[in-house]
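Quick notes on the structure that follows.
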Amino acid sequence: MTSDTHTPVARPSRARQVWRSMRRSRAAMVSLSILLLHLLLAVFAPWLTPWDWTAQDGYNMLQGPSAQHWFGTDNMGRDIFSRTLMGGREALKVTLLGTLLAMGWGSLTGISLGLLGGRLDEWLMRAVDALLAIPWLLFLLLIISTVGQQSWVLILTLGFFYGIAVIRVARGATLDFVARDFVMAARVRGESNWTIVRQELLPNVLDTLLVEGGMRWAWMLLAFSSLSFLGFGVVPPTPDWGLMIADTRGIISIAPWATLFPALALSSLIISINLSADAFGKAMGLDRAKAPV
Amino acid sequence: MLKLILNRLVLAVLTLVAVCTLVFAVTEALPGDVCTAFLGRNAQGVRLENCRSQRELDKPAIERFATWSYGVVSEGDLGRSLKRNKSINIMVGSRMRNTLLLATTAALIGIPLAILLGVLAALRRDRRTDVGISTGAIFAMTLPEFVTATLLIYIFAIQLHWFPAVTTVRHNAPLLDFLPNIVLPVITLTLVMSAHILRMVRSAMIDVMASDFVQMAQLKGVPHWRIVFRHALPNAMLPAINIIALTIAWLLGGVVIIEQVFNYPGIGTLMISAIYDRDLPLVQAIALVLAAIYVGVNLLADLASLVLNPRLRTARG
């Protein structure tokens, strides 16, 4: 590392390099396409559904997949295909915003702590370790069960809790750079701490943070659908995969399609995010397997 | 060395105190209590006051917290459940036993399996075996626990009739009664847990196999299996151990979901009903127990890395 690498910022060649490396992996391309398809379907779902996703039909209950109802109907005669199409919207909205929030506050705190160091850093990291010892599900359930199940509550609580783990990762990545010459040079030039964070450190830890963000997103989606499954997430009649699986798993022996299609949708989304983040990390030369959950 | 261990112990206790205080503070700050959960959200007047004074909820929060903490520290008494008016020690005790049965069985099967598969994948890096194992691991790891569990129930309980779909055993039944019921929950938990560990072992093992001392041993003509298991594996386990501990602790959340799916009478199902009921002492006790497990597992991991890595023993406390 030479001391004059002041512009590792947005070198266009770097992005192209990563992209080219990803293009070579078939797994990466497949998972990226599935992810993109999921996002597109979620955005345009209201115009694509063949049936009203809340309409009940007493004469067509528990029908198997057919030309009319591609994925069959559930125990209230609702069209599973329409509900599966709609079922990812709330989950994607909440987890995308939640991940942005978590990455935002987590990485800013982590980078600042890594740069400042000293006693503040030591004490706050102890606090972070203690916070990580909290059974997270217990806290989420407590807060959601009393404050309510509105989207913003879920976004804020998930964003807050997932940000704590991000602090550690961001701080760890920052520590690799704070002792380097270019940070020293910026200090000697008399740059403010905020400028150093923004101009020197953030561009360098961005790789790690992006991969971390993808991973957090997948985990948050898992947590969100688990909450929904337990009845603490999306409020019915809004369709949601986790909730649909919880509602229909009692009738799985007579109408397996009602459970299997939402399960397939949810699984393919989470796996595609994970594989994309994995491939992205590999293309940038980061080893994701060693990161703690 | 002794100082190092003492240091860790003090930190562990401080963490537990912090978790308890935080859980108490949050449950206090949130609206509603066991009486509003029991009598309905809009309950008011004499009934509500009676309910509260019976359960000593009319006393100041600090006083209640102090009484509860004193009970825990002096007699190990976790208090009484407000909803069911039973001793929490008894309620938590049998369910904790069931959860530990589930978790330790899964760990005993999952951890050796994960290490073995991880080593195998590392040695066959980027070949068909590795791709197969790694892809399988990603699937097992990323599928939500309730999806995996539901699929297993569909295949093994409903289609094949091999195992029961849900647990119908009472929480205080003898352990042997759990035998056919526990199979599917254990498989679910094992799948998720070993996938995480496998990935870490694989990546640590790849690093170690590329190091100088392994090459040296190869040049000296040390048998391959001896290099792998005597020289490389212990060194690969070093970075993996702390992360394994973190993973196990983090999976406690997953255990809650698995118990819920299989209706398994463990600490997770108890936790969810305690939260529904706003049964504060019970929530507190469960938080304390779960945090204690987390801290305990991390402590064990620290000790294990002290054993594996002599260099740490002389490091500064």
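At a glance:
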read-out	value
Among residues of the stretch A:233-277, those that are farther than 13 Å from A:GLY88 by Cα, at the interface with another protein chain (Cβ under 9 Å from one of its Cβ atoms) and touching a residue at least 24 places away in the same chain (Cβ under 8 Å), counted	4
Complete set of residues in the stretch B:246-266 that are in a helix (DSSP H, G or I) and more than 9 Å from every other protein chain (Cβ to nearest Cβ)	B:ILE248, B:VAL255, B:ILE258, B:GLU259, B:PHE262
Residue match in the stretch B:74-84 (condition: part of a helix (DSSP H, G or I) and either at pLDDT 75 or above or away from chain A (no Cβ under 14 Å) (or both))	yes
Residue selected from the stretch B:267-280 under the condition more than 8 Å from chain A (Cβ to nearest Cβ) and either touching a Gly at 6+ places or on another chain (Cβ under 8 Å) or modelled with pLDDT under 85 (or both), by the criterion surrounded by the most Cβ atoms within 10 Å (Cβ to Cβ)	B:ASP279
Given (1) modelled with pLDDT of 85 or more; (2) within 13 Å of chain A (Cβ to nearest Cβ); (3) surrounded by fewer than 23 Cβ atoms within 10 Å (Cβ to Cβ), number of the condition B:LEU191 does not satisfy	(2)
In the stretch B:144-186, the residues that are in a helix (DSSP H, G or I), of a type outside the set (A, V, I, L, M, F, W, C), more than 14 Å from chain A (Cβ to nearest Cβ) and touching a residue at least 24 places away in the same chain (Cβ under 8 Å)	B:ASN181, B:PRO185
Sole residue being out of contact with any Phe, Trp or Tyr (no Cβ under 9 Å at 6 or more places or on another chain), of a type in the set (A, V, I, L, M) and crowded, with 19+ Cβ neighbours inside 10 Å, chosen from A:LEU100, A:LEU138	A:LEU138
Residue that is surrounded by the fewest Cβ atoms within 10 Å (Cβ to Cβ), among those in the stretch A:114-135 that are without any contact (Cβ under 8 Å) to a residue 60 or more places away in the chain and closer than 18 Å to A:VAL197 by Cα	A:GLY118
Residue match in the stretch B:37-47 (condition: part of a helix (DSSP H, G or I), more than 14 Å from chain A (Cβ to nearest Cβ) and in contact with a Pro (Cβ under 9 Å, 6 or more places away or on another chain))	no
Given (1) touching a residue at least 24 places away in the same chain (Cβ under 8 Å); (2) among the aliphatic types (A, V, I, L, M); (3) closer than 27 Å to B:ILE109 by Cβ; (4) within 12 Å of chain A (Cβ to nearest Cβ), index of the condition B:ALA285 fails	(3)
The stretch B:8-23, subset β-branched (Val, Ile, Thr) and surrounded by fewer than 19 Cβ atoms within 10 Å (Cβ to Cβ), residue farthest from B:LEU290 (Cα to Cα)	B:VAL10
Criterion: of a type outside the set (Phe, Trp, Tyr), surrounded by 22 or more Cβ atoms within 10 Å (Cβ to Cβ) and at negative phi - qualifying residue of A:SER66, A:SER107	A:SER107
Of the criteria (1) of a type in the set (Phe, Trp, Tyr); (2) modelled with pLDDT under 85; (3) in contact with a Phe, Trp or Tyr (Cβ under 6 Å, 6 or more places away or on another chain), which one B:TRP162 fails	(2)
Enumeration of residues in the stretch A:137-164 that are at the interface with another protein chain (Cβ under 10 Å from one of its Cβ atoms) and either more than 25 Å from A:LEU92 (Cα to Cα) or in contact (Cβ under 8 Å) with a residue 60 or more places away in the chain (or both)	A:LEU137, A:LEU140, A:LEU141, A:ILE144, A:SER145
Within the stretch A:69-91, considering residues that are aliphatic (A, V, I, L, M) and free of Cβ contacts under 8 Å to residues at least 60 places away in the same chain, the one surrounded by the fewest Cβ atoms within 10 Å (Cβ to Cβ)	A:MET76
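The values are calculated or read from the model by the stated rules, or taken from the named source; none is laboratory data. Only a predicted model underlies this, so the values are computations on that prediction, with no experimental measurement involved. Neighbour counts run over all protein chains shown; Cβ positions are idealised from the backbone, glycine included.
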